[in-house]
Amino acid sequence: MELTDREFWKNYWLKKPWLFSQPIDRRSLFKPLIERVIKDRDIKNAIEVGGFPGTFSALLKLEYGIKADLVDYFVDEELFSQFLIANGLKEGDIQATELDVFTDFKTETKYDLVYSIGLIEHFEDTPRILEGHKRFLSEDGLLLIIIPNFRGLNGWFQRNFDRENYDKHFITCMSPEYLRDAHKNFQYVESDYFGGFTIWLENYDKQGLAVKIFFKATWYFGKVLNKILGLKNRFFSPYIYVLASNEELNTSNSGDQ
């Protein structure tokens, strides 16, 4: 079951016009993971599943010179052209294809790196959405999945102050153990929590003053505790990642997890 549809994502992106008119922030939280992958493998090309508008494809192209494409079941060509121009890219630097990965599609191009960030948690059939990723993966390629963690403090805020957004996520999959099991057909699977403490609300601007004060206080004290204690667990970490491959990876520390 899909917890979101094309119309939802169309409305979501059309409400964020600034994303298409300004350069990306290259200081991505996920750069330690991405750089670890690049150092471990000779990545020549990559594709993001659910990648519109192309933020991470642009990051891979601009920072590392990697040919990076994306597929999504909503792609607005006019907005995508604006995005390319804003980032100093030309048509063809990134190929954006509108595609429903649940359909019976075929792809001739296989990629060294197939990844998605904030996608699979919107579907209740995790193995099926992962199969859509695998169709793009080369025989010795690497799969990288990153999803938010709503099973801790951040999820408590989502559930209590933005229930509409919370209900669009499949909470069961937000577990390193669940993700490792879902990728058990790979030879190598690694999954863990990632990122220093943070919380967010998509509808923060619509909240009352009391909620905003409570939110800011929690955010502040959480940041202080994280700096002192390094809180990486179910309750405080904002993200979960999984790396999967048919070959062993470099198991060196991937940075801020």
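Coordinate-derived values only; no laboratory data. As the structure is a prediction and not an experimental result, all values here were calculated from the model. In this analysis, Cβ positions are derived from the backbone assuming ideal geometry, glycine residues included, and neighbour counts consider all displayed protein chains.
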Could you order the peptides 127-133, 72-78, 50-56 from most to least packed, using the average number of other C-beta atoms within 10 Å per residue?
50-56, 127-133, 72-78
Calc'd 3J(HN,Hα), the range 194-205, phi into Karplus 6.51 cos²θ - 1.76 cosθ + 1.60 (θ = phi - 60°), Hz, glycine/Pro = x, comes to 8, x, x, 3, 7, 9, 8, 9, 4, 9, 3, 5
Filter the DSSP H helices in the chain by two things, a Kyte-Doolittle mean of at least 0.5 and an axial alpha-carbon span of 20 angstrom or more, and list the hits by number.
209-229
Rounded to whole Å, give me the distance from the Cα center of the range 81-150 to that of the range 26-56.
11 Å
Assign one of three labels to the range 51-100, namely rounded, prolate or oblate, based on the Cα gyration tensor with a ≥ b ≥ c the square roots of its eigenvalues; rounded applies when a/c is under 1.5, prolate when it is not and a/b is larger than b/c, and oblate otherwise.
oblate
Projecting the Cα atoms of 11, 97, 113 onto the charge dipole of the range 8-121, where Lys and Arg contribute +1 and Asp and Glu -1 at Cβ, the residue farthest towards the positive end is 113
Could you size up the charge dipole of the range 42-114 around its Cα centre, putting +1 on the beta carbon of Lys and Arg and -1 on that of Asp and Glu, and report it in debye to the nearest 20?
300 debye
Estimated dipole of the chain in Debye, rounded to 20 [Cβ of Lys and Arg +1, of Asp and Glu -1, Cα centre]
1180 debye
Taking the Cα atoms of the range 1-83, what is the range of coordinates along each of the three principal axes, in descending order and whole Å?
38, 33, 21
Compute the FRET efficiency between residue 105 and residue 64 as 1/(1 + (r/R0)^6), taking r as their Cβ-Cβ distance and R0 = 22 Å, and round to the nearest 0.05.
0.20
In the range 131-215, chymotrypsin sites (Phe, Trp or Tyr not before Pro) in a DSSP loop with at most 16 other beta-carbon atoms within 10 Å
200
Projected area averaged over orientations for the range 98-162, convex hull of C-alpha atoms, nm²:
5.7 nm²
State which entries of 110/134; 10/90; 67/90; 16/44; 106/134 exceed 20 angstrom in Cα-Cα distance in the structure shown.
10/90; 16/44
FRET efficiency for residue 209 and residue 6, using Cβ-Cβ distance with R0 set to 35 Å, rounded to 0.05
0.45
Placing +1 at every Lys and Arg Cβ and -1 at every Asp and Glu Cβ, with all other atoms neutral, what dipole size does the range 43-188 have around its Cα centre, in debye to the nearest 20?
480 debye
For volume of the Cα convex hull per residue in Å³ the list reads (i) 195; (ii) 145; (iii) 128; the calculated value is entry (iii)
Among 126, 229, 65, flag the residue with its Cα farthest along the positive direction of the charge dipole of the chain, charges on Cβ as +1 for Lys/Arg and -1 for Asp/Glu.
229
